[in-house]
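This report concerns only the one structure given below.
What follows is calculated from the coordinates using simple rules that are stated; it is not laboratory data. This one's a predicted model, so the numbers in the text were calculated from it and none came from an experiment. Quick reminder, even Gly has a Cβ in these numbers, built from the backbone with ideal geometry, and neighbours come from all protein chains shown.
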Amino acid sequence: MARLLDLLTEAYQSGEALAQRLGVSRQAVSKEARRLLAEGFPVEMGRKGYRIRPGTPLPHLFHPLGRLGRPYRYLGRVGSTQDALRAWAEAGAEEGALVLAEVQERGRGRRGRRWESRPGESLTFSLLLRPTLPLASLGLLPLLAGLALWRAVGVGGLKWPNDLLSPDRRKLAGVLLEAKTEGEEVAYVLLGVGVNVDWAPEGAAALREFAPLSRKEVLLGFLLHLENLLPLLESPETLLSLYREASYTLGHRVRVQTPRGVVEGVAEALLSDGSLLVGGIRIGAGEVALVGPFPAGEAEP
């Protein structure tokens with residue numbers, strides 16, 4: 001029997017019409033809709049009937065333009081999309097497998113921070129890659145993912161390595177990369193992405209303030225741009241050149257919290273492995289904060 005979620009579209013449908021298609025009563029449709037809401041699915045219901053919130057990438061409404069994003073699992077409430085995808089990867093999921101959830105009870109960002117989101121208004125997903133990549137080149141992948149996200153959204157700029165900032169330097173989106181390695185090779189990579197599309201936590205920015213893009217449009221754009229950029233892992237200089245165009249970090253004074261302490265200075269360059277050169281010091285990993293002053297016409301974060 002078809003499920004209610006499989007029948008919903010962005011247009012309202014009456015409870016009577018859905019009940020007939022499902023072979024149940026209107027009361028059963030209402031009960032199921034409320035259950036889906038409790039699970040985090042953005043079902044909208046009222047006098048006009050029932051629909052899914054516009055822009056929601058339901059599987060039957062979501063059609064990736066390339067090979068990434070297939071196969072696809074759309075979930076309501078989970079611990080984290082990273083954990084769900086890791087289990088799927090270990091079970092043999094192919095490259096391009098995508099897990100998207102409306103609610104993450106243990107969603108996490110970089111350095112173990114909690115990633116806040118709202119069902120129907122935030123975009124939180126994880127993508128599986130199985131690149132043929134030596135471990136020494138793994139640092140290029142966060143830059144590539146950040147660049148794909150910047151191109152998909154079309155506004156703002158990147159804070160090294162892959163935080164997407166709004167034009168006024170508030171956080172719009174972030175990427176978390178977790179990898180399984182085998183010796184000196186990468187077995188698979190989990191790219192966890194969170195985008196503040198229609199809502200943002202305090203101090204962050206929502207994409208709707210700057211661009212009228214839906215969650216589905218952002219997701220489709222990211223997947224396509226990422227697929228087109230992946231070959232550049234074999235051409236690091238080209239990738240780094242493209243990344244520089246999107247960077248809010250290079251040329252600015254930064255403060256970086258590294259495992260060995262704080263480094264402060266001008267972000268001078270990107271090195272061939274994706275690391276950042278700050279005041280003559282190579283930074284392979286760390287938390288970057290942009291510090292003013294900024295050039296004329298630019299706002300401080």
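Some points to look at:
- Cβ-to-Cβ counts within 10 Å put 135, 213, 127 in ascending order as 135, 213, 127, the fewest first.
- Look at the dipole of the chain built from charges on Cβ: of 52, 128, 247, the Cα furthest out on the positive end belongs to 52.
- Look at the dipole of segment 69-149 built from charges on Cβ: of 117, 101, 84, the Cα furthest out on the positive end belongs to 117.
- Listing 35, 215 from fewest to most neighbouring C-beta atoms within 10 Å gives 35, 215.
- The fewest-to-most ranking of 39, 185 by surrounding Cβ atoms within 10 Å reads 185, 39.
- The relative contact order of the chain, computed from alpha carbon pairs under 8 Å that lie at least 6 residues apart in sequence, is 14 percent.
- Averaging Cα coordinates gives a centre for segment 40-102 and one for segment 214-247; these two points are 22 Å apart.
- Those residues of segment 190-234 whose amide nitrogen sits under 16 Å from the label point placed on residue 130, 7 Å along Cα→Cβ: 190-191
- Projecting the Cα positions of 195, 61, 17 onto the charge dipole of the chain (unit charges on Cβ atoms of Lys, Arg, Asp and Glu, taken about the Cα centre) puts 17 furthest along the positive direction.
- GNM result for the chain, Cα springs below 10 Å: residue of 286, 46, 194 fluctuating most strongly: 46
- When +1 charges are put on Lys and Arg Cβ atoms and -1 charges on Asp and Glu Cβ atoms, the dipole computed for segment 4-52 relative to its Cα centre reaches about 200 debye.
- Assuming charge only on the beta carbon of Lys and Arg (+1) and of Asp and Glu (-1), the dipole of the chain about its Cα centre is about 1060 debye to the nearest 20.
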